[in-house]
Amino acid sequence: MKSRIALSVLFVLMAATAFAADTAATQSDAQKSFTTMKSLAGEWEGPVTAPEMPEMSGGKMHLSMRVTSRGNVLVHEFQEAGTPLDATKYDHPVTMLYLDGEQLTLIHYCDAGNRPRMTGKMSPDGKTVEFELKDISGSTEEHMHHSVFTIIDANHHTEDWTFMMKDKPIHAHFDLKRVQ
C-alpha cells in the first residue's frame, strides 16, 4: 500500500515538474522580462549618484517594490530614506510595470507631473532590462526618458534613470541592496 502511495506521489510530482518546465519554455521574452522584474519585489536602500547634479549625489534612497493585481503589476516607489511617506512634501515617484500584450511596459508617474511610458527588453544574459521611451502623457519639456535595471544578485541591483531637462540629460545611478 505504501509503495502505491509513494508511486502516485512520484507521478504527480513528475507531472507538475514537466508542466512547470513546459510553461517556462513557452514564455515570451516580455513574460520572461516581467518575471525577472517581479523577482525584485521587496524593500531596497542605497545611494544615488547624479554626475550632472552633484548636489543630488550621496543621498540614500529607499525603494519599495511590490507585486499586486494578482501578479499583473509591479509597483515601484522611490523616496528619500528616512523621510515619512508624504507625497506633498517629498519626492515620491511611482512607477508601474506590466505586460501590455507581448510588450513589457513601464509608466512612470513623475514628480514633474507627467507620465512617460517606456517599453523594455531583457539582455541576452537575463541580468539587465532596458526601457526606451515610447510616449508621454503631459508636458514633454522635463521628463523621465530612459531606465536600465541591472540585477547583480538576489539582494543587489542597480537602476540607471535618465531625466531630460529640456534637451539636457540628467543621469541618476542607484546602487540598491535588499533590506527586506
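The values are calculated or read from the model by the stated rules, or taken from the named source; none is laboratory data. This one's a predicted model, so the numbers in the text were calculated from it and none came from an experiment. Counting neighbours? That spans all protein chains shown, and the Cβs are built from the backbone with ideal geometry, glycine included. When the accessible area is computed, the model is the full protein with side chains, heavy atoms only, and any ligands, DNA or RNA have been set aside. Shrake-Rupley method; radii C 1.70, N 1.55, O 1.52, S 1.80 Å.
Before moving on, here are some points about what is shown:
- Options 145, 171; residue that is open to solvent by 60 Å² or more (accessible area, probe 1.4 Å), touching a residue at least 40 places away in the same chain (Cβ under 8 Å) and more than 14 Å from the chain's Cα centre (by Cα): 171
- Selection within region 107-125 - of a type outside the set (Asp, Glu), surrounded by 12 or more Cβ atoms within 10 Å (Cβ to Cβ) and not in a strand (DSSP E or B): 110, 112, 114, 123
- Set 87, 50, 30: member being among the hydrophobic types (A, V, I, L, M, F, W, C), surrounded by 15 or more Cβ atoms within 10 Å (Cβ to Cβ) and over 17 Å from the mean Cα position of the chain (by Cα): 50
- Flag for residue 132 being in a strand (DSSP E or B), open to solvent by 80 Å² or more (accessible area, probe 1.4 Å) and among the charged types (D, E, K, R): yes
- Region 55-78, residues that are part of a strand (DSSP E or B) and open to solvent by 30 Å² or more (accessible area, probe 1.4 Å): 60, 61, 62, 66, 67, 68, 77
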